[in-house]
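Below: one structure, written as structure tokens.
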Amino acid sequence: MPLLEIKNAKLKLDNKDILKGLSLSVNEGEVHAIMGPNGSGKSTLSYMLAGRDGYELESGEVFLEGQSLSEMEADERARSGLFLAFQYPVELPGVGGMSFLREAVNSRRKFIGEEELDHLAFVKEVRKVASKMFVKDEMLKRAVNVGFSGGEKKRFEILQMAMLKPTVSILDETDSGLDVDALKIVSEGVNSQRNEDNAIVVITHYQRLLDYIVPDFVHILSDGRIIKSGGPELALEVEKNGYAGLINAA
Amino acid sequence: MLHNVKDNYITSVKNHVSHFEEKSFRKLASNDFKSWPSPREETWRLSRLGILSRKELTPIIPNFKKKFTSSSQFNGSKIIRFVDGALRADLSSKLPPGTSLDTLDEEDSLKCFNKFKDSNLKNHPSINVSFSCTPSIVKLTIDKGLNIRDLFEIIYEGGDDNLSVHPALYIELKENSSITIIERFNHLSSLIMPLQLVELKKNASMNSLKIFNDNQQSYNLSANCAFLSDKSNYNSFSLIKGGLFTRSETHAYLKGENCNLNLNGVYLSSKNQHHDLTTAIYHDVPNCTSKQIVRGVLGGKSTGVFQGKVRVAPDAQKTDGQQMSRAILLSENAIANAKPELEIYADDVICAHGATVGEIDNEQIFYLKSRGISEKKAKQIIITAFLKDIINESVEEAMQNFVFEEAELALSEIISKEI
């Protein structure tokens, strides 16, 4: 059974067809990249998967480990093991990073029947993981994403991913707004979490992220459908010839 | 004007002062109480008092044998108690040397009355009614150069149905003195009309915390006037959560250069409560700063009002005046009004204002939910942070937890009904 399965997903926004029958199957241990030009439906796909209000499917279905997501709210999906790294992480003034992380991690732990972590145990665990992501203690004391640089925001997203240990992670344009150094750090953070039991879907515009997070499969999303799938070489083809050639051929 | 409405209370107030001499400040005050403010008056348009003219109210005769009901919330604080609007020395603490608590005689009371009458608060009903009916005007004086370490806790309580209470307090901080005062309003009365005059002399510094938590049927029309001299510092924070109708109106006059004023506040409103923070800040001289941050959370059919006027006189160059109000509505039937007013007659100033009223940001809710946090918990986290933010910015560190816990009690009541 695939960890994530999207079957013929159709979705409208403001009465306009955005996803027009998208299907995708992601298995344990796999990293998939979804590439596409502007307006192809990439962000809509990530919001639809995460369960944002207003992004409900018109038809089709999505399964997480065989369980249908259609009736599940965003928080239930997250607790069940789905994670979305935001393209634009949201600022939460007054909400401390550490308490936010703890609330999130304990919600998930409670759901999967693990004991909630007390403050001390939690802080210890966060520090261990955070140091690997170059997230300093000082950043965790600040309000979530408030005054963070682009690189800090993305590092904090990946720290959340590492703490929540999701089954399926969707990374929405995680490379946007990052310089090469920040891109390396964030990619290493993601790579360190690849294992045989989880799966990662990288949504991106550019090939360059895929130099650092090497995918097993690459899919080209255009006009709400996957028009071509292949291995990492497909990303290089996009880099060389642009999306236009592929879209015309399809 | 409500001339055509038979108003028992106006008659009651006149009866209350009938045995005083014509030149008494009480008589002068009662002569000025001719009606309640009309909704056509701009500052009362959003907070209407018409219902008071139809109530059967009389000014309270204080019962000096009444026991107190609100206990102190702080270890070692110096307590000053007003019961039924009257100072109760027998229920108050012994104050530290260099501080005094006196009741003003006729002559000084008149001077105090005139200070209010010279301000733009002169037509506020509480000025006229409370000067008519207060048992006495109480003055707290802090001597020159004295930095009071003890927390002063002023507790106002008492009152009863269909009665009005009239505590009047005059606080004077002499040069180079400082103090922190927390005031808690816990009345059981129908109408509460507290008066407060604050005078900060050169380089004096006052932290003021007010918690309005009168019973759920009461009207509290608090009127406050502050005068700041050179280099003085007045840091005031009000938490309004009680009463059916609570309006705290403060006028602050920045009379000396390099003084600093913060008039911040939070209102937490549920059911059919009406909460109003009205302020006026007068920058009369150069080089002063003033800041106002007001936040509200509203549920039920409640109404919140923030009206803030900042007036910068032509000579008040290099003024820095900031004003920001935000309200979160948790119910479709709640209303928040924000009315910032800047009157700037000087050209070299920094003045900014902003106001937002709205629901909790959906982006923030979605972000928290996408981390596995339930919608209810997400909303709680966002509102709590909204309040913690301003409390931490406005209140001195030692008092932050207390204020936050006081806010949380009211907040949990709103949240439990709306979320």
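Bear in mind that the values in this text are calculations on the coordinates, not laboratory data. Bear in mind the structure is a predicted one, so any value in this text is a computation, not a measurement. Cβ: placed from backbone, ideal geometry, glycine included. Neighbour counts: every protein chain shown.
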I'm checking my understanding of the structure. Among residues of the range A:76-86 that are of a type outside the set (Gly, Ala, Ser) and either crowded, with 19+ Cβ neighbours inside 10 Å or at the interface with another protein chain (Cβ under 7 Å from one of its Cβ atoms) (or both), which one is nearest to the chain's Cα centre (by Cα)? A:LEU84
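Every residue in the range B:382-397 that is among the hydrophobic types (A, V, I, L, M, F, W, C), in contact (Cβ under 8 Å) with a residue 40 or more places away in the chain and part of a helix (DSSP H, G or I), please. Show your work before the answer.
Taking the range B:382-397 as the starting set, the residues that turn out to be among the hydrophobic types (A, V, I, L, M, F, W, C) are B:382-383, B:385-387, B:390-391, B:395.
Okay, now just the ones that are also in contact (Cβ under 8 Å) with a residue 40 or more places away in the chain, so B:383, B:386-387, B:390-391, B:395.
Residues satisfying the conditions are B:ILE383, B:PHE386, B:LEU387, B:ILE390, B:ILE391.
So that you can scan it fast, the table gives a plain yes or no per residue for (1) surrounded by 15 or more Cβ atoms within 10 Å (Cβ to Cβ); (2) within 14 Å of chain B (Cβ to nearest Cβ); (3) among the polar types (S, T, N, Q); (4) more than 20 Å from the chain's Cα centre (by Cα):
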{"site": "A:GLU115", "(1), (2), (3), (4)": "no, no, no, yes"}
{"site": "A:ASP137", "(1), (2), (3), (4)": "no, no, no, yes"}
{"site": "A:LEU140", "(1), (2), (3), (4)": "yes, no, no, yes"}
{"site": "A:ALA143", "(1), (2), (3), (4)": "yes, yes, no, yes"}
Which condition does B:ARG45 not pass, out of (1) in contact (Cβ under 8 Å) with a residue 40 or more places away in the chain; (2) basic (Lys, Arg); (3) within 30 Å of B:LYS339 (Cβ to Cβ); (4) touching a Pro at 6+ places or on another chain (Cβ under 9 Å), if it passes all the others? (1)
Can you tell me which residue within the range A:87-109, out of those that are within 7 Å of chain B (Cβ to nearest Cβ) and either part of a strand (DSSP E or B) or not hydroxyl-bearing (Ser, Thr, Tyr) (or both), is surrounded by the fewest Cβ atoms within 10 Å (Cβ to Cβ)? A:PRO93
Within the range B:389-419, the residues that are polar (S, T, N, Q) and either within 16 Å of B:LEU330 (Cα to Cα) or surrounded by 15 or more Cβ atoms within 10 Å (Cβ to Cβ) (or both) are B:SER394, B:GLN400, B:SER412, B:SER416
Matching residues in the range B:286-300 (under 19 Å from B:ASN235 (Cβ atoms) and of a type in the set (A, V, I, L, M, F, W, C)) number 3
Within the range A:184-218, residues in contact with a His (Cβ under 8 Å, 6 or more places away or on another chain), surrounded by 22 or more Cβ atoms within 10 Å (Cβ to Cβ) and either assigned to a strand (DSSP E or B) or free of Cβ contacts under 8 Å to residues at least 60 places away in the same chain (or both) come out as A:ALA199, A:ILE200, A:VAL201, A:VAL202, A:VAL218
Kindly establish whether B:ARG326 is within 14 Å of chain A (Cβ to nearest Cβ) and either in contact (Cβ under 8 Å) with a residue 24 or more places away in the chain or part of a helix (DSSP H, G or I) (or both). yes
Look at the range B:346-373 and say how many of its residues are in a loop (DSSP other than H, G, I, E, B) and surrounded by fewer than 16 Cβ atoms within 10 Å (Cβ to Cβ). 4
Going through B:LYS318, B:LYS309, B:LYS301, B:LYS271 one at a time, which residue ends up being without any contact (Cβ under 8 Å) to a residue 60 or more places away in the chain and assigned to a strand (DSSP E or B)? B:LYS309
Looking at (1) out of contact with any Lys or Arg (no Cβ under 9 Å at 6 or more places or on another chain); (2) more than 8 Å from chain A (Cβ to nearest Cβ), which one does B:ILE365 not meet, given that it meets all the others? (1)
Hey, can you tell me all the residues within the range A:45-75 that are surrounded by 18 or more Cβ atoms within 10 Å (Cβ to Cβ) and within 14 Å of chain B (Cβ to nearest Cβ)? A:SER46, A:TYR47, A:MET48, A:LEU49, A:ALA50, A:GLY51, A:ARG52, A:TYR55, A:LEU64, A:LEU69, A:ALA74, A:ASP75
